[in-house]
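To start, the structure under review is shown below, and the notes come after it.
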Amino acid sequence: MNTTSFHKPEERRIAWWTLAVNTFVFTVCFASWMLYGVLITFLVDNGLHRWDPAQMGWLIGIPVLTGSIFRLPLGVATDHWGGRPVLGLLLLASAVPMFLVSYCNSYWQFFLAGLGFGFTGTSFAIGIAFTSVWFPRNLQGTALGIFGAGNAGAALTSLGAPHVLNWLTNDGQNLEGWRRLPQLYAALLIVTGLVFFATTTNRCAEGAASKTLGQRLAPLKVVRVWRFGLYYFFVFGGFVALAQWLVPYYVNAYGTSVALAGALAACNSLPSGVIRAIGGWMSDHWGARTIMYWVFGLSSLCCGLLIVPQMDIRSPGSGVMSRVAGTVVEVTDSKIVVETKKVGTQTYPLKAQSRELVSKEERAKGVLIWPRSMSWQESAVKAGQQVQKKELLARGITEVFFQANIWVFTALSLILGAVMGIGKAAVYKHIPDYFPKDVGVVGGLVGVIGGLGGFVCPVIFGYLLRATGLWTSCWMFFFVLVLLCLTWMQIAIRRMTVSKTPEVAHHIE
C-alpha cells in the first residue's frame, strides 16, 4: 500500500489487528530464537557440558545463522504468497526441532537442533513484509516500529527462562529437568501458529505475482541496500548478540548467578525491543537520517566507556634520577641524600606510600564507581653506594584500581540497548521510502545482514575473549563497527549533497 491513508474504515481495523497479531507472533518467535543464550550458559555453568567460550559462541550463534540466511527467500515468498501461509507454517515447522532440543546430548546434536529452530528468526522478514502491505506510507515508520517491539521477546527469555530452569530442575537438584524447557517453547510455537492462522487475513504486495525472480532481486544491486544492511548489522545484530552474550558475560565477569545474569541482560534487550515503536514514530517525525546520526553518536560513546575493563594493576611511575655524581649517605622513606664533591650535599625528596588504595571491605562491596590511582617512589640505592649523573635513585610506582561497577555497566548497557532499538526502527523506515514495492526483498536482505551480525558477533566475541582474556573486547569490536557505520553514512550523504545540490554543499563548506 503506497497511499497516505486507508481506503475504508474496515481496512484500518484489519490493518491494526494484523499488526497486533504480527507483533505477538514475532515476540514469541524472538523469545524462542534466543533460547540458547540462557540454556547453553546454564548447561556449562552447572557442569553438564564442558564447552570453551569459542564453542559456546558457536552454539549461541548457530540459531541466528539459520534465522538470518533464510530471511531473504522467505521475504520474497511473503511478497508472493502473503504472510499468513508463510508465517503460520513457519511456526508449526519450527516447533519440531525446538522439541528435539530436549533429546540432545552432544555438541553436534545441539548444533543441528539450533539450526532447525533458528528458522523462528526469519519471522522478522516475513512480519515486516506482511505488516507493510497493510499500512499507508505516512504510517510505515510507526507500524514497523510497533512490530519491531517484538524484539522484547529476547528480554522475556533472558528474564524468564533462568527462573523456569530453576523451577524445572528443583533449584539444581534435578539438572536433567532442563529438558522440559524446549518442550514448553515448542508447545508455545504450536499454539501461536494455530492462533495466527485463525485470526489473520492474508494480503500480498501489489504487483508481486507478475514479477520474475530477476525483477524481485533487482534492488539488491543498489549499494544503498548494503549500506542499510551494515547499519542493521550493528543495531540489530549487535542487539541479538548481546541478548545472548551478556548472560555468560555477567556470570564470568561479575560472578552472578545465571538467574541474576538473565535479569541484568534484560536491561539491555527489553528497552531495545519496547522503544523500537518510539523509534518508528521519531523517524516519521524527524527523519530517519537524523535519528541515525544520534544513534551512532551515542552508541560510540557507550561502547567507548564500556571498553575499560576491571583492573587492579601496578605500573612503573615517575622516578627520581641523580643530578650529579656522588655517594649516597642517607636513605629513608621520604628522602635520599647524596654527598657530591662539586656542589656539596644533595637531598632528593621521595613521595611515600601513605595509604592503602582500596580496602578489603570496598573490594567486597563492589560499589566503587570511579577509578582510583596512587603513585609513590621507592629507593633503588643503598647508603654508601656510588652513583653517577642521571642514575636512577628511586623507582616510581603507580597503582590503578577500577572496579567497573556492575550497576554503572548495566546502566550503560541499558542506554546502548535503547539506542539500538531506536536505530532498528530508523533503518527500516528507510526501506519503504526508497523501495516501496520491494519491502519484502530489501527488508529480507537487510534482515539477513543484520541477523548474520547476531550470528557472527558471538563467535567473534568468543575468539576475542580467547585471544585477549578480556570480556570487554566485545565493546572494542562494537566501537570500531560503529565508527565504520558513521563514516560510511557521512560519506554517502556528502556525495548525495554534492550531486543533487552542489550550491548548497559549497555553501556548507
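The values are calculated or read from the model by the stated rules, or taken from the named source; none is laboratory data. Source: prediction; values computed, not measured. Don't worry about glycine lacking a Cβ; one is built from the backbone with ideal geometry, like all the others, and counts go over all protein chains shown.
For A364, the conditions (1) at pLDDT below 90; (2) surrounded by 14 or more Cβ atoms within 10 Å (Cβ to Cβ) are fulfilled apart from (2).
Right, F130: in contact (Cβ under 8 Å) with a residue 12 or more places away in the chain, closer than 21 Å to A198 by Cα and either hydrophobic (A, V, I, L, M, F, W, C) or in the same structural domain as T18 (by TED's automatic domain parsing) (or both) or not? In short, yes. If only residues of the stretch 277-320 that are surrounded by fewer than 14 Cβ atoms within 10 Å (Cβ to Cβ) and among the aliphatic types (A, V, I, L, M) are counted, the one that is modelled with the highest pLDDT is V308. Which of the residues spanning the stretch 343-361 are hydrophobic (A, V, I, L, M, F, W, C) and exposed (fewer than 14 other Cβ atoms within 10 Å of the Cβ)? Selection gives V343, A352. Out of A253, A266, A259, one residue alone is touching a His at 6+ places or on another chain (Cβ under 9 Å) and over 14 Å from I60 (Cβ atoms). It is A259. Candidates are the residues of the stretch 367-385 that are closer than 19 Å to F401 by Cβ and hydrophobic (A, V, I, L, M, F, W, C); the one that is surrounded by the most Cβ atoms within 10 Å (Cβ to Cβ) is W376. Residues that are surrounded by fewer than 24 Cβ atoms within 10 Å (Cβ to Cβ) and hydroxyl-bearing (S, T, Y) within the stretch 414-434 comprise just one, Y434.
With respect to V441, determine if the residue is more than 18 Å from G148 (Cβ to Cβ), crowded, with 19+ Cβ neighbours inside 10 Å, of a type in the set (A, V, I, L, M) and modelled with pLDDT under 80. Here the answer is yes, as V441 does meet what is asked. Restricting attention to the stretch 438-481, the residues that are within 25 Å of S123 (Cβ to Cβ) and not in a helix (DSSP H, G or I) add up to 1. Flag: P85 does not match the condition of being part of a helix (DSSP H, G or I), under 17 Å from W178 (Cα atoms) and in contact with a helix residue (DSSP H, G or I) (Cβ under 9 Å, 6 or more places away or on another chain). Pairing residues of the stretch 448-459 that are assigned by TED's automatic domain parsing to the domain that holds F477 and under 16 Å from G148 (Cα atoms) with residues that are basic (K, R) and assigned to a helix (DSSP H, G or I), at Cβ distances under 7 Å and at least 6 apart in sequence or on separate chains, gives V448/R71; G451/R71. Residues in the stretch 26-70 that are more than 17 Å from the chain's Cα centre (by Cα) and outside any helix (DSSP H, G or I): N46, G47, L48, H49, R50, W51, D52, F70.
Okay, residues lined up against (1) surrounded by 17 or more Cβ atoms within 10 Å (Cβ to Cβ); (2) in a helix (DSSP H, G or I):
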| site | (1), (2) |
| --- | --- |
| G148 | yes, yes |
| L165 | yes, yes |
| N170 | no, no |
| E176 | no, yes |
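None of L470, L464, L484 is out of contact with any helix residue (DSSP H, G or I) (no Cβ under 7 Å at 6 or more places or on another chain), farther than 30 Å from A143 by Cα and at pLDDT 85 or above except L470. Does the stretch 337-359 contain at least one residue that is without any contact (Cβ under 8 Å) to a residue 12 or more places away in the chain and either charged (D, E, K, R) or touching a Ser or Thr at 6+ places or on another chain (Cβ under 6 Å) (or both)? Within the stretch 337-359, one or more residues are without any contact (Cβ under 8 Å) to a residue 12 or more places away in the chain and either charged (D, E, K, R) or touching a Ser or Thr at 6+ places or on another chain (Cβ under 6 Å) (or both). For R71, are the conditions met, namely being without any contact (Cβ under 8 Å) to a residue 12 or more places away in the chain and in the same structural domain as L452 (by TED's automatic domain parsing)? Criteria not met by R71. Would you confirm whether or not the stretch 82-90 contains a residue that is surrounded by fewer than 21 Cβ atoms within 10 Å (Cβ to Cβ) and closer than 20 Å to G451 by Cβ? Scanning the stretch 82-90 turns up at least one residue that is surrounded by fewer than 21 Cβ atoms within 10 Å (Cβ to Cβ) and closer than 20 Å to G451 by Cβ. Annotation note: of L159, L230, L188, the sole residue that is farther than 21 Å from A129 by Cα, within 27 Å of the chain's Cα centre (by Cα) and at pLDDT 85 or above is L188. Here T290 meets each of (1) β-branched (V, I, T); (2) more than 20 Å from V408 (Cα to Cα); (3) touching a residue at least 12 places away in the same chain (Cβ under 8 Å) with one exception, condition (3). Listed residues L368, L412, L392; which is in the same structural domain as G304 (by TED's automatic domain parsing) and of a type in the set (A, V, I, L, M, F, W, C)? Criteria check complete, one pass: L412.
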